[in-house]
1. Name every residue in region 109-126 that is assigned to a loop (DSSP other than H, G, I, E, B) and either surrounded by fewer than 12 Cβ atoms within 10 Å (Cβ to Cβ) or of a type in the set (A, V, I, L, M) (or both), in order of residue number.
2. Starting from residues that are buried (at least 16 other Cβ atoms within 10 Å of the Cβ) and not in a loop (DSSP other than H, G, I, E, B), keep the ones in region 134-156 and report whichever is modelled with the lowest pLDDT.
3. Give the residue that is farthest from residue 105 (Cα to Cα), with candidates limited to residues of region 139-159 that are touching an Asp or Glu at 6+ places or on another chain (Cβ under 8 Å) and free of Cβ contacts under 8 Å to residues at least 60 places away in the same chain.
4. Name the single residue that is nearest to residue 21 (Cα to Cα) among those in region 125-151 being among the aromatic types (Phe, Trp, Tyr) and within 16 Å of the chain's Cα centre (by Cα).
5. In region 65-89, how many residues are farther than 20 Å from residue 7 by Cα and either part of a strand (DSSP E or B) or under 13 Å from the mean Cα position of the chain (by Cα) (or both)?
6. Can you tell me how many residues within region 1-21 are surrounded by 11 or more Cβ atoms within 10 Å (Cβ to Cβ) and either charged (D, E, K, R) or assigned to a loop (DSSP other than H, G, I, E, B) (or both)?
7. Would you check if residue 131 is surrounded by 17 or more Cβ atoms within 10 Å (Cβ to Cβ) and small (Gly, Ala, Ser)?
8. Of the numbered conditions (1) surrounded by 13 or more Cβ atoms within 10 Å (Cβ to Cβ); (2) closer than 18 Å to residue 67 by Cα; (3) of a type outside the set (A, V, I, L, M, F, W, C), residue 47 fails exactly one; give the number of that condition.
Amino acid sequence: MIRLLEPTDAKDYWDLRLNALKANPEAFAISYKEALKREDPIEGVAKNLNNKGNFTYGAFVDGVLIGVITMLQESPSKLSHKALILGMYVRTESRGSGVGRSLLQEVIKKAKNIKEIERLNLTVVTSNKRAKKLYSDLGFKTYGVEEEALKFNGQYFNEAHMTLKIS
């Protein structure tokens with residue numbers, strides 16, 4: 001089941017986020033150690049889940065959150081025709097089951113129902129071939145690569161910038 005997350009889902013989201021930072025540290029700007037230092041992280045997540053223009057969807061199996069994706073509509077008026085896809089993650093054991101595709105399709109559907117949004121943008125570590133293929137399969141095009149975008153344990157990771165025109 002996929003549904004929009006609510007503030008009451010904050011703890012489940014935070015637990016999954018920590019799992020993501022441990023399992024795939026190269027894919028996220030914040031580190032697991034930095035995340036643990038946040039004050040009141042669950043309260044912060046609950047607040048974010050309630051923000052206008054912030055849409056976080058979760059995939060659940062037997063009541064357990066196994067995947068998430070966030071779409072954040074840009075707020076300055078000159079940028080409000082765009083939205084960012086952030087923090088997409090599916091638990092390792094659930095990958096390959098179509099959960100990621102379903103989450104992304106749900107966000108694309110939501111974006112198409114928001115009159116102002118014309119374009120979805122995201123970044124993905126270039127070594128994440130599976131994610132890049134999923135994004136490409138759903139129509140995202142690469143418009144640039146940032147070299148050495150992330151650095152983790154002395155290793156650099158490039159990020160592809162991808163976009164999807166939805167109107």
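The values are calculated or read from the model by the stated rules, or taken from the named source; none is laboratory data. Since the structure is predicted, the reported quantities are computational estimates derived from the model, not experimental observations. Quick reminder, even Gly has a Cβ in these numbers, built from the backbone with ideal geometry, and neighbours come from all protein chains shown.
1. Residues of region 109-126 assigned to a loop (DSSP other than H, G, I, E, B): 113-118, 126.
Those that are assigned to a loop (DSSP other than H, G, I, E, B) and either surrounded by fewer than 12 Cβ atoms within 10 Å (Cβ to Cβ) or of a type in the set (A, V, I, L, M) (or both): 113, 114, 115, 117.
2. 150
3. 156
4. Looking only at region 125-151, we keep the residues that are among the aromatic types (Phe, Trp, Tyr), and these are 135, 140, 143.
In the following step, the residues that additionally are within 16 Å of the chain's Cα centre (by Cα) were identified as 135, 140.
Numbers: 135: 21, 140: 25 Å.
The extreme case among them is 135.
5. The qualifying residues number 3.
6. Residues that pass the stated criteria total 8.
7. Details: surrounded by 17 or more Cβ atoms within 10 Å (Cβ to Cβ): yes; small (Gly, Ala, Ser): yes.
So residue 131 passes the test.
8. Unmet for residue 47, out of (1) surrounded by 13 or more Cβ atoms within 10 Å (Cβ to Cβ); (2) closer than 18 Å to residue 67 by Cα; (3) of a type outside the set (A, V, I, L, M, F, W, C): (2).
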